[in-house]
1. Among Trp61, Trp15, which comes first, then next, by fewest other beta-carbon atoms within 10 Å?
2. Kirkwood Rh over alpha-carbon pairs of the range 17-89, then Stokes-Einstein at 25 °C and 0.890 mPa s: what D in µm² s⁻¹, rounded to an integer?
3. Can you pull out the trypsin sites (Lys or Arg not before Pro) in the range 1-95 whose DSSP state is coil and whose Cβ has at most 15 other Cβ atoms within 10 Å?
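Any read-out appearing in this document is the output of simple, stated calculations on the displayed coordinates, not a laboratory observation. In this text, all values refer to a predicted model and were calculated from it rather than measured experimentally. Neighbour counts are summed over all protein chains in view; Cβ atoms, including those assigned to glycine, are modelled from backbone coordinates with ideal geometry.
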Amino acid sequence: MVYNDLRSKLNEYNWDDGFEIPKQILAAPSCDLALALEIFYLSDGYAFLDDSTKTTDLKEWGKFIAVLYDDILNDKFPKTSTAFEIPLSQVHLYLTLKEYLYPLCLPPTYMFSCF
């Protein structure tokens, strides 16, 4: 399937319909890292990273997102000139920086210089 067709399929997809369509998109040879990251973001991958899903009973989602996460980390998807920029709000960006920079013992005021 052509890359633009994969993007169209993803944009028209209803996440209440299960994970077969995203799995098909990810299995396509023309699926690149940008598209895989977009699927990770749209499937609420941030909740997976944040560990806020430990108490949920979403087994199908948990399997899907864990496999996708591992595939991204293991460079399954080729890097191309296409990019995906995560649309974080300023508040979400601040909270993410605070969570991941604070344990590194950086002063909290350092985070404000990142904006």
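1. Details: Trp61 18, Trp15 12.
Arranged by neighbour count, lowest to highest, Trp61, Trp15 become Trp15, Trp61.
2. Numbers: Rh = 12.8 Å.
Answer from the Stokes-Einstein relation: 191 µm²/s.
3. Numbers: sites: Arg7, Lys9, Lys23, Lys54, Lys59, Lys63, Lys76, Lys79; in loops: Lys54, Lys76, Lys79.
In loop regions of the range 1-95 (DSSP not H, G, I, E or B), the sparsely surrounded trypsin sites (Lys or Arg not before Pro) are Lys54, Lys76, Lys79.
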